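**Q** There's a structure below that I have some questions on.
The values are calculated or read from the model by the stated rules, or taken from the named source; none is laboratory data. Everything numeric here is computed off the predicted structure, so don't read it as measured data. We place every Cβ from the backbone using ideal geometry, glycine too, and count neighbours over all the protein chains shown. Accessible surface is based on the protein model in full, side chains and every heavy atom, while ligands, DNA and RNA are left aside. Shrake-Rupley method; radii C 1.70, N 1.55, O 1.52, S 1.80 Å.
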Amino acid sequence: QVQLVESGGGLVQAGGSLRLSCAVSETMFSINAMGWYRQAPGKQREFVAVSLSSGTTNYADSVKSRFTISRDNAKNTVYLQMNSLKPEDTAVYYCNVDGRKSWYSKFDNYWGQGTQVTVFS
């Protein structure tokens, strides 16, 4: 069973920075997309950022110019550098990977367990 292991969440003052990491527990034959979503209390999970295998990255408007997504394909790891954090960035952040385990497998979508990010003013 493929697992996504997240780390890097925590408590930070507004204006500060955090870096999230998400490592895939086993080698994947192919990973199409690696991304981040977040869910604040009482709200639906929302898209934050994605890194495609083509090298393209996309961001939610609310985090553009503040967050940077990157990936290390050799380590099957995706990162989210979060700068200039705001209280409204407080949420549980989830890693998401779209990939397949072998050449004959179908693509599957995987989720991490979530890591809490709390920004106080």
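**Q** For the range 1-22, give me each residue that is crowded, with 17+ Cβ neighbours inside 10 Å and among the aliphatic types (A, V, I, L, M).
**A** Leu4, Val12, Leu18, Leu20
**Q** If I filter the range 1-32 down to residues being outside any strand (DSSP E or B) and of a type in the set (Ser, Thr, Tyr), which single residue comes out as nearest to Trp103 (Cα to Cα)?
**A** Of the residues in the range 1-32, the ones outside any strand (DSSP E or B) are 1-3, 8-9, 14-17, 25-29.
Those still in the list that are of a type in the set (Ser, Thr, Tyr) too: 17, 25, 27.
Numbers: Ser17: 39, Ser25: 18, Thr27: 12 Å.
Selected residue: Thr27.
**Q** Still on this model: Taking the residues in the range 109-121 that are open to solvent by 60 Å² or more (accessible area, probe 1.4 Å) and part of a strand (DSSP E or B) as candidates, determine which candidate is nearest to Pro41 (Cα to Cα).
**A** The residue in question is Gln116.
**Q** Also: I need a count of the residues in the range 25-43 that are open to solvent by less than 30 Å² (accessible area, probe 1.4 Å) and at pLDDT 95 or above.
**A** Residues in the range 25-43 being open to solvent by less than 30 Å² (accessible area, probe 1.4 Å) and at pLDDT 95 or above: 6 in total.
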